[in-house]
Each structure stands twice: as C-alpha cells, then as structure tokens.
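Before any comments, here is the structure.
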Amino acid sequence: MKLRDYYPYFEDFHEDIKSLAKNVSQELEKRAREADEKGSEEIMRENLKMLAELGFLGINVPEQYGGQGLDERSVVLSLEEISRGCAATAFSLGGHYLAVDSILIGGDEALKQKFLPRLAKDSVGAFALTEPNAGSDAASIVTRAEKKNGYYVLRGEKHFITNGSIADVFVVFAKTSPEKGARGITAFVVERGTPGLLIGKKEEKLGVRASPTNQVFLDNVEVPAENVIGKVDEGFKIAMQALTRGRIGMAAQAIGISRLALQLAINYAENRMQFGQPIINQQAIQFMLSDMLTMLRASEELTYKAAWLADRKADVTLEAAVAKLFATEAAKLIVDKSMQIHGGIGYTRDQVIERLYRDVRILTIAEGTSEIQRLVIFRNIKKALD
Ligand code: COS
C-alpha cells in the first residue's frame with residue numbers, strides 16, 4: 001500500500017524514507033531477541049551505528065549541519081518501521097532525538113555548529129530531565145547550576161536516563177533560579193568525559209531491555225557558559241517543546257509495535273487449527289482482528305496528522321498529546337489481543353508477541369504518562385473546540 005494513496009499527509013519522498021527504514025528494520029529484527037534476552041548494550045551500540053551510517057541519527061538535522069534535513073513525518077515513518085523490527089532500538093533513537101531536538105529548538109548558531117554535526121553523524125544523545133523526585137512534575141527538579149568564572153557548575157542526580165551509558169552528548173536540565181520554579185530552569189549540553197559526569201546503575205527493565213536506562217550523577221560538573229541551550233532560565237520550554245515532538249515519535253513507535261502484533265495475530269490465527277479448522281474462521285477471532293485494525297488506523301491518522309501539522313510549524317502541543325495518548329493506549333490493547341489470539345504459546349519466550357507485550361508497556365509511561373497527556377489535553381480543551 002502506498003502511503004500517498006491512503007493518507008493526504010505525505011509526499012513522494014516519504015515513500016523512500018519508509019522503505020529505507022523498513023530495510024534497516026529487517027536487519028535489526030534479526031538480533032532483537034538476542035538484544036532483549038541479554039539486555040545488550042553492545043548490540044544497541046551496533047544498531048545505532050548502523051542507523052548512523054544510513055543517516056537516521058541526523059534525519060531532521062538541517063543539511064548545513066550535516067544532517068538529512070528531513071521533516072517530522074520522516075521521523076515518524078522511521079521510528080514506526082524501526083520499532084516494528086526492534087522496539088528497544090526505536091526507543092533509544094527516540095531518546096537521541098530528544099537531545100537533538102532540544103538543540104534544534106533552543107540552540108544559537110554557535111551551539112548548533114558545535115554539536116549538531118556530531119549528533120547527525122555518529123554521536124548518541126541523551127535527554128536528562130527526570131530526577132528521583134521529579135518525574136511527571138518536571139518543574140520540581142532540584143539539580144542546581146551555579147555560574148562561576150564563565151562556567152556553570154552542575155550538581156544533582158538524574159534518573160531513568162535513556163542511553164545514559166552509551167551517550168556522547170547529554171542535554172541536562174538544571175535550576176539556575178530555584179525560587180522561580182518552571183521559569184528558573186536552564187538547559188545545558190554536557191559532553192561525556194566531562195569531569196564529575198558519572199554514569200550510575202543500569203536499570204533492569206521489563207521491556208525495551210536493550211535500550212540502556214541509567215542514573216546519571218552530576219558531581220560539580222563544570223560546563224562552559226557557551227553550552228547553555230537558548231537563554232538562562234528558559235530551559236523548561238525547550239524541554240516541553242522537545243517532548244512535544246518526542247510524543248509524536250512515541251505514538252509512531254506504538255504504531256510499529258501495533259502493526260507487528262496484528263500481523264503476528266493474523267499469521268497465527270490462519271495456521272492454528274482447532275475444532276477442525278483454522279481459528280481465523282471463528283467470528284470471535286475475526287472481531288478481535290477487526291477491532292485491532294480499527295484502533296491501528298485511528299492511531300495512524302492521529303499521528304500522521306500531528307506530524308504533518310508540526311511540519312507546517314503549527315503548535316502541536318494538543319495534537320501530540322492526543323496522538324500519544326491514543327496510539328500508546330491502543331498499542332497496549334492491540335498487543336494484549338494478539339497475545340489472547342496466540343493463547344498459551346503467546347505467553348512463552350518462543351514467541352515475538354511475548355517480547356512485544358513487555359516492550360509496549362513503557363509507551364504509556366515514558367515521555368509523559370497517559371495521565372500527563374490527559375492533563376495537557378484538558379488544558380487545551382477549550383481551544384480545541386473554537
Ligand atoms: N510548549 C511550550 N511551552 C510550554 C509547553 C509546551 N508544550 N508546556 C508548558 N509550557 C510553558 C508554559 O507556557 C509556561 O510558560 P510561562 O512560564 O511563560 O507561562 C511554562 O512552560 C510552565 O508551564 P506549566 O505551568 O504548564 O508547567 P507545569 O509545572 O504545570 O507542568 C506539565 C506542565 C505537567 C505538562 C509538564 O511538567 C510535563 O510535561 N510533565 C511530564 C514530563 C515528562 O514528560 N517527563 C518524561 C521524562 S523525559 S523522557
């Protein structure tokens with residue numbers, strides 16, 4: 001099926017992006033099981049290297065900084081296809097994009113020139129906002145940044161940092177004016193190897209196990225003032241804007257997982273014989289499959305539309321939240337139904353659906369829980385009805 005025949009949001013070149021991403025996804029799929037079982041950082045490094053060589057790390061970085069200069073729709077199609085082959089790799093790529101987007105959104109020319117070419121080529125990014133006591137309430141972070149002789153000295157502790165152990169470039173959010181709440185947060189770029197930047201324990205996760213998640217400690221890390229992203233005290237908005245794009249990407253990851261779960265369910269139902277015939281002949285199974293496709297179509301529509309609006313430079317805070325909420329919750333249901341169709345065998349490690357069941361669970365939590373998406377939607381609800 002050609003995208004353009006079905007959705008008005010795409011142009012011809014998007015077809016090429018999708019097929020390139022599909023090809024690389026097939027490669028990633030070959031080691032997805034091993035990566036999951038071992039929780040392998042090494043495989044993730046190799047996967048990201050492969051993606052880097054094909055230009056995916058810099059997909060939305062303008063060509064003048066060494067990237068591909070493509071759009072949000074290309075990001076969506078890439079994440080969707082990659083997630084279908086290896087959800088953990090798409091999750092790490094999404095973490096990288098949050099760092100890239102923070103610099104794209106808030107960085108001045110000098111900062112973009114300093115970091116984007118590396119991030120577009122082969123450096124992996126991480127986005128360090130969350131802290132032990134600041135998850136959904138992101139403005140309550142307590143990591144401090146104090147200015148001293150042309151440097152900012154960062155002190156604090158970050159938690160659940162995607163790519164922590166493999167990132168070369170960290171976007172770190174810290175309080176510069178603690179008394180000012182959300183209006184007192186600044187974004188910094190911190191390079192791996194900077195004294196005092198310490199990577200802590202790797203979390204043993206339920207799913208997306210090959211995507212490393214770490215604690216990150218900032219023990220009096222001296223960051224040059226030129227590494228401030230945008231203006232001092234204005235970092236919270238950069239975080240929110242980067243997360244808005246990230247949420248469209250999360251919705252895309254949900255689509256990739258949903259599509260695979262549906263495909264696996266159809267294949268299984270066509271081949272599984274019970275009561276003398278394939279179970280796909282049973283109306284109960286047919287109805288489940290129909291519901292799954294309906295949810296998938298709705299997820300696609302919301303996600304592609306949000307990306308298309310983002311490419312038109314519209315404010316997509318609301319659309320990103322709607323797409324993320326719907327697509328990730330739908331993915332959870334779709335994967336669950338697929339497992340139900342698989343029956344007992346689906347509950348075993350032998351089946352891909354067992355991995356998807358674990359991988360999908362993070363999507364309604366990361367980059368803003370479903371409850372945070374509802375909060376964002378509610379705050380925009382009147383505007384939506386104008
Ligand atoms: N785009 C641009 N600016 C935004 C914004 C957005 N999407 N959301 C908020 N802002 C701005 C507000 O306009 C406000 O600006 P002013 O000070 O100029 O008025 C400022 O940021 C503070 O916003 P607000 O008062 O809404 O902040 P809250 O503390 O209420 O937090 C939520 C808002 C809950 C939406 C935010 O904390 C959030 O998204 N939390 C989830 C964090 C998350 O996704 N974590 C995942 C971990 S990172 S992988």
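The values are calculated or read from the model by the stated rules, or taken from the named source; none is laboratory data. Everything quoted here is computed from the prediction, not taken from an experiment. Note that each Cβ is placed from the backbone with ideal geometry, even for glycine, and that neighbours are counted across all protein chains shown. Ligands, DNA and RNA are excluded from the accessible area calculation, which covers all protein heavy atoms including side chains. Shrake-Rupley method; radii C 1.70, N 1.55, O 1.52, S 1.80 Å.
Which GluC sites (Glu not before Pro) in the range 1-40 pass both tests, a DSSP loop state and at most 15 other beta-carbon atoms within 10 Å? Numbers along the way, then the final one.
On the way: sites: Glu11, Glu15, Glu27, Glu29, Glu34, Glu37; in loops: Glu11.
Within the range 1-40, the qualifying GluC sites (Glu not before Pro) (loop, at most 15 other Cβ atoms within 10 Å) are Glu11.
If you keep only loop residues by DSSP, which chymotrypsin sites (Phe, Trp or Tyr not before Pro) in the range 220-282 have at most 13 other Cβ atoms within 10 Å of their Cβ? Don't jump to the answer; show the numbers that get you there.
On the way: sites: Phe236, Tyr268, Phe275; in loops: Phe275.
For chymotrypsin sites (Phe, Trp or Tyr not before Pro) across the range 220-282 that sit outside H, G, I, E and B with at most 13 neighbouring Cβ atoms in 10 Å, the list reads Phe275.
Mind checking which aspartates and glutamates have their C-alpha under 12 Å from Lys313, skipping anything on the same chain fewer than 8 residues away?
Asp71, Glu72
Could you work out which residue, out of Arg84, Arg358, Arg209, moves most in a Gaussian network model of the chain, that is, has the largest mean-square fluctuation with Cα springs under 10 Å?
Arg358
Can you find, among Gly230, Asn47, Thr186, the residue sitting farthest towards the positive end of the charge dipole of the chain, where Lys and Arg contribute +1 and Asp and Glu -1 at Cβ?
Working it through, the farthest residue towards the positive pole turns out to be Thr186.
Of the residues Pro62, Pro117, Pro278, which exhibits the maximal mean-square fluctuation in a Gaussian network model of the chain defined by a 10 Å Cα contact cut-off?
Top of the fluctuation ranking is Pro278.
For the chain, with only Lys/Arg (+1) and Asp/Glu (-1) charged at the beta-carbon, what is the dipole magnitude about the Cα centre, in debye rounded to 20?
Values: 50 positive and 52 negative charges, 122 e Å.
Approximately 580 debye in magnitude.
Whose amide H sits under 5 Å from the amide H of Val61, counting only residues 5 or more places off or on another chain, with H placed in the peptide plane?
Excluding prolines and chain starts, which carry no amide H, the hits are Gln68, Gly69, Leu70.
What aspartates and glutamates sit close enough to Lys38 to cross-link, taking a C-alpha to C-alpha distance under 20 Å and skipping anything fewer than 8 places away on the same chain?
Glu27, Glu29, Glu46, Glu203, Glu204, Asp350, Glu354, Asp359
Please identify the helices of the chain, taking whole runs of DSSP H, that span at least 24 Å along their own axis as judged from the Cα atoms and have a mean Kyte-Doolittle score of 1.0 or higher. Present the calculation step by step, with values, prior to reporting the outcome.
Working: long enough: 12-30 (29 Å, -1.06); 87-106 (28 Å, 1.16); 235-271 (54 Å, 0.43); 283-311 (42 Å, 0.22); 317-342 (37 Å, 0.51).
Those that pass (Cα extent of 24 Å or more, hydropathy at least 1.0) are 87-106.
With the cut-off at 1.5 for a/c, could you classify the range 3-124 from its C-alpha gyration tensor as rounded, prolate or oblate? Intermediate values should be presented prior to the final figure.
On the way: a/c = 2.18, a/b = 1.14, b/c = 1.91.
Verdict is oblate for the range 3-124.
In the Gaussian network model of the chain, springs joining C-alpha atoms below 10 Å, which of Ala307, Ala52, Ala128 carries the largest mean-square fluctuation?
Ala52
Name the residue farthest towards the positive end of the dipole of the chain from the options Val171, Pro132, Ser19, assuming +1 on Cβ of Lys and Arg, -1 on Cβ of Asp and Glu, about the Cα centre.
It is Pro132, whose Cα lies furthest towards the positive end.
For a 30 Å ceiling on Cα separation, which of these pairs sit above it: Lys49/Lys148; Lys112/Lys180; Lys2/Lys337? Could you put the intermediate results ahead of the total?
Working: Lys49/Lys148 37 Å; Lys112/Lys180 27 Å; Lys2/Lys337 27 Å.
Pairs exceeding 30 Å: Lys49/Lys148.
I'd like to check one number: the per residue accessible area of the chain, probe 1.4 Å, reported in Å² as a whole number. Spell out each step's value before the answer.
Values: 16950 Å² over 386 residues.
On a per-residue basis, the chain sits at 44 Å².
With the full set of protein chains in place, find how many percent of the accessible area of the range 3-124 is carbon and sulfur; take the probe as 1.4 Å.
Numbers: 2170 of 4790 Å².
Carbon and sulfur: 45 percent of the exposed surface of the range 3-124.
For the chain, what is the mean residue ellipticity at 222 nm derived from helices alone (per DSSP H run of n ≥ 4: -39500 (n - 2.57); sum divided by total residues; nearest 500 deg cm²/dmol)? Walk me through the numbers on the way to the answer.
Details: 13 runs with 204 residues, N = 386.
After summing the helix terms and dividing by residue count, I get -17500 deg cm²/dmol.
Do the alpha carbons of any pairs in Lys201/Lys231; Lys114/Lys231; Lys30/Lys114; Lys30/Lys202; Lys114/Lys237; Lys30/Lys332 sit beyond 26 Å of each other, and which pairs?
On the way: Lys201/Lys231 32 Å; Lys114/Lys231 17 Å; Lys30/Lys114 36 Å; Lys30/Lys202 24 Å; Lys114/Lys237 22 Å; Lys30/Lys332 24 Å.
Long pairs (Cα-Cα over 26 Å): Lys201/Lys231; Lys30/Lys114.
Percent antiparallel among DSSP beta bridges with both residues in the chain, to the nearest 5?
Details: 31 of 37 bridges.
Roughly 85 percent of the DSSP beta bridges within the chain come out antiparallel.
Can you give the % of DSSP beta bridges in the range 126-234 that are antiparallel, to the nearest 5?
Numbers: 29 of 34 bridges.
The antiparallel fraction comes to roughly 85 percent.
What percent do you get for the relative contact order of the chain when only Cα pairs under 8 Å and 6+ apart count? Intermediate results must be reported in sequence, preceding the final value.
Numbers: 766 pairs, mean separation 63.4, N = 386.
RCO, the chain: 16 percent.
I'd like the per residue volume of the convex hull spanned by the Cα atoms of the chain, given in cubic angstrom. Kindly include the intermediate steps, with their values, before the conclusion.
Details: hull volume 52.0 nm³, N = 386.
Here the figure is 135 Å³ per residue.
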